[in-house]
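Q: Next up is a structure, given as structure tokens.
The values are calculated or read from the model by the stated rules, or taken from the named source; none is laboratory data. A quick note: this is a predicted structure, and the numbers were derived from the prediction, not measured. Every residue, glycine as well, gets a Cβ built from its backbone with ideal geometry; the counts of neighbours run over all protein chains shown.
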Amino acid sequence: MTLQERDKKHLWHPLKQHQLNPESLGIVKAKGCILTDEQGNEYIDAIASWYTCMYGHCNDFIVDRVYSQMQQLDHVMFSDFTHEPAVKLSEELIKILPANQNRIYFNDNGSTAVESSIKMALQYYFNKGEKRSTFIAFENGFHGDTFGAMSVSGLSVYNGPFEDFLIEVKRIPTPNGSNHNTILDQLKTLTSKHKIAGFIYEPLLQGAAGMTIHDANGLNDILKFCKDNGILSIADEVMTGFGKTGKYFASDHIETKPDIMCLSKALTAGLLPMAITSCRENIYEGFLSNDITKGFFHCHTYSANPVACAAAIAGIELLTSNEIQDNIKRIQATHKSFEAKIKDHPKIKGTRHLGVVLALDLNTKMERYGHLRDKLLKFFMDRGVFLRPLGNTIYIQVPYIITEQQLEKVHKTIEDSLAIV
Ligand SMILES: *Cc1c(COP(=O)(O)O)cnc(C)c1O
């Protein structure tokens, strides 16, 4: 029996209506940009397995580091002990994070990094004896699937059934260059009516919303407003972190820096699950007290897993190398010329790119999980390219090590797909 057949007996996949779509493709190998299925077919991983494996799958440099770490120290509790990989990772991260970030807190995945950030903001004010219980977030944001993270995400198929159980969140539109004043007025009204603890946002680029890009100046104005009103700003850089936008972090494009940041996905180079919530020193200081209950009692068993830390350290070493930085520039340039070539195509409504991300909106009705999406997905797979359209948006977020030839194949495949739209 194939993997595909055996899978159907006991497994339950995420984001899937099994009754309509019971099949899952069996993948047996991944190397560089290429995924190989159990029939031996190859696919270019043009979304880097959900934006994680930016230095390529089974990258030898990273695998070697992880293997030696496994032989030295596999795991130890992080509540009572510390170790070289965690210490070293904190040092390396602080070097590349925005200058105001100074504390590194470990989590297991993007959702729990967000969950921690929300709890940090709430408890920061609780410890001060101030009750602030509301958050502000962007419409159409996506921050993960645990309860706090679901609450701050825009309403969708992800959190609809749980709406009655979510924490209080007020939503504002993303800045588009002409709505600054409306947003600022809305913020003033919200702060006069509610006790706001924090504002959480995907800086510049909203992934699940369809790789939409918003205005950096407008975002900066919102962040300044938050600063002036004691609202802690939380940058969810789970997707945008580690070079995706052409800089180490999307927050590097914006003058006002966040108080708290959430990191995951490319953090461990696609090899192991781990996440980090970083913050300014003054947030950390808000938890210092002779009273033990003022500490941050949020913990995951595998916090700061040394093997995952080793993958992350190796990833940062690659990210900061000239080779990867040059690749990011090359990918941006190739995206740009493809965008110029395709933007006036009659089937295309709009295009945008930022860093290694390129998105095209099709001139069709928006259907998140509709028939067209399935047809496109099949077209791409038949051509040996793994792309996962979001509604009527086709987007690319390629590993930094993609060759020019592979990238051109991805672009050409998208261009050819317009004939079936
Ligand atoms: C993927 C993602 C998350 C959730 O991360 P998980 O590891 O899937 O829990 C949160 N925020 C953003 C911006 C993401 O892209």
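Listed here are the residues, each with its yes/no results for (1) exposed (fewer than 14 other Cβ atoms within 10 Å of the Cβ); (2) within 26 Å of Phe61 (Cβ to Cβ); (3) within 20 Å of the chain's Cα centre (by Cα).
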{"site": "Tyr302", "(1), (2), (3)": "no, yes, no"}
{"site": "Ala310", "(1), (2), (3)": "no, yes, no"}
{"site": "Lys343", "(1), (2), (3)": "yes, no, no"}
{"site": "Leu358", "(1), (2), (3)": "no, no, yes"}
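Q: Given the residues His345, His298, His353, His335, which is the only one that is touching an Asp or Glu at 6+ places or on another chain (Cβ under 6 Å) and not acidic (Asp, Glu)?
A: Within the list His345, His298, His353, His335, the selection yields His353.
Q: Considering every residue within segment 80-90, establish whether at least one is out of contact with any Phe, Trp or Tyr (no Cβ under 8 Å at 6 or more places or on another chain) and at pLDDT below 95.
A: Yes: segment 80-90 contains one or more residues that are out of contact with any Phe, Trp or Tyr (no Cβ under 8 Å at 6 or more places or on another chain) and at pLDDT below 95.
Q: If you scan segment 234-275, which residues turn out to be outside any loop (DSSP other than H, G, I, E, B) and more than 12 Å from the ligand (Cβ to nearest atom)?
A: Across segment 234-275, the qualifying residues are Ser251, Asp252, His253, Ile260.
Q: For His143, are the conditions met, namely being farther than 29 Å from Phe126 by Cβ and either modelled with pLDDT under 95 or crowded, with 24+ Cβ neighbours inside 10 Å (or both)?
A: no
Q: Do we have any residue at all in segment 11-30 that's at positive phi and either more than 23 Å from the chain's Cα centre (by Cα) or without any contact (Cβ under 8 Å) to a residue 12 or more places away in the chain (or both)?
A: yes
Q: Please go through segment 374-391 and pick out each residue that is outside any helix (DSSP H, G or I), in contact (Cβ under 8 Å) with a residue 60 or more places away in the chain and not small (Gly, Ala, Ser).
A: Matches in segment 374-391: Val385, Phe386, Leu387, Arg388, Leu390.
Q: Follow-up. Inspect segment 254-273 for any residue being buried (at least 23 other Cβ atoms within 10 Å of the Cβ), closer than 24 Å to Thr174 by Cβ, small (Gly, Ala, Ser) and over 13 Å from the mean Cα position of the chain (by Cα) and give the result as yes or no.
A: No: segment 254-273 contains no residue that is buried (at least 23 other Cβ atoms within 10 Å of the Cβ), closer than 24 Å to Thr174 by Cβ, small (Gly, Ala, Ser) and over 13 Å from the mean Cα position of the chain (by Cα).
Q: So, one more: Restricting to segment 323-333, what's the tally of residues that are of a type outside the set (A, V, I, L, M, F, W, C) and surrounded by 19 or more Cβ atoms within 10 Å (Cβ to Cβ)?
A: Residues that pass the stated criteria total 1.
The rows are residues; the columns are (1) over 18 Å from Gly210 (Cα atoms); (2) aliphatic (A, V, I, L, M).
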site	(1), (2)
Leu319	yes, yes
Leu358	no, yes
His371	no, no
Asp374	no, no
Arg383	yes, no
Ile394	no, yes
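Q: Count, please, the residues in segment 374-397 that happen to be out of contact with any strand residue (DSSP E or B) (no Cβ under 8 Å at 6 or more places or on another chain) and not acidic (Asp, Glu).
A: The number of residues fulfilling the criteria is 8.
Q: Which of (1) within 22 Å of His353 (Cα to Cα); (2) of a type outside the set (Phe, Trp, Tyr); (3) surrounded by fewer than 15 Cβ atoms within 10 Å (Cβ to Cβ) does Ala216 not meet, given it meets every other one?
A: Against the list (1) within 22 Å of His353 (Cα to Cα); (2) of a type outside the set (Phe, Trp, Tyr); (3) surrounded by fewer than 15 Cβ atoms within 10 Å (Cβ to Cβ), Ala216 comes up short only on (3).
Q: Does Ala275 satisfy the criteria of being over 20 Å from Ile200 (Cα atoms), in contact with a Gly (Cβ under 6 Å, 6 or more places away or on another chain) and at pLDDT 95 or above?
A: So Ala275 does not fit the description; no.
Q: What number of residues in segment 5-30 are loosely packed, with under 14 Cβ neighbours inside 10 Å and assigned to a strand (DSSP E or B)?
A: Matching residues across segment 5-30 total 2.
Q: Across segment 77-97, what is the total count of residues that are surrounded by 14 or more Cβ atoms within 10 Å (Cβ to Cβ) and outside any helix (DSSP H, G or I)?
A: Matching residues across segment 77-97 total 3.
Q: Could you run through segment 346-373 and say how many residues are assigned to a loop (DSSP other than H, G, I, E, B) and within 30 Å of Asp326 (Cβ to Cβ)?
A: Residues meeting the conditions: 2.
Q: Something else now. Is one or more of the residues making up segment 188-208 at pLDDT below 95 and aliphatic (A, V, I, L, M)?
A: Yes, there is a match, as at least one residue in segment 188-208 is at pLDDT below 95 and aliphatic (A, V, I, L, M).
Q: Within segment 20-55, can you find the residues that are of a type in the set (Val, Ile, Thr), more than 16 Å from the ligand (Cβ to nearest atom) and touching a Phe, Trp or Tyr at 6+ places or on another chain (Cβ under 9 Å)?
A: Those that are of a type in the set (Val, Ile, Thr), more than 16 Å from the ligand (Cβ to nearest atom) and touching a Phe, Trp or Tyr at 6+ places or on another chain (Cβ under 9 Å): Ile27, Ile34, Thr36, Ile44.
Q: Something else now. I need a count of the residues in segment 151-174 that are touching a Leu at 6+ places or on another chain (Cβ under 6 Å) and within 19 Å of Asn229 (Cα to Cα).
A: 1
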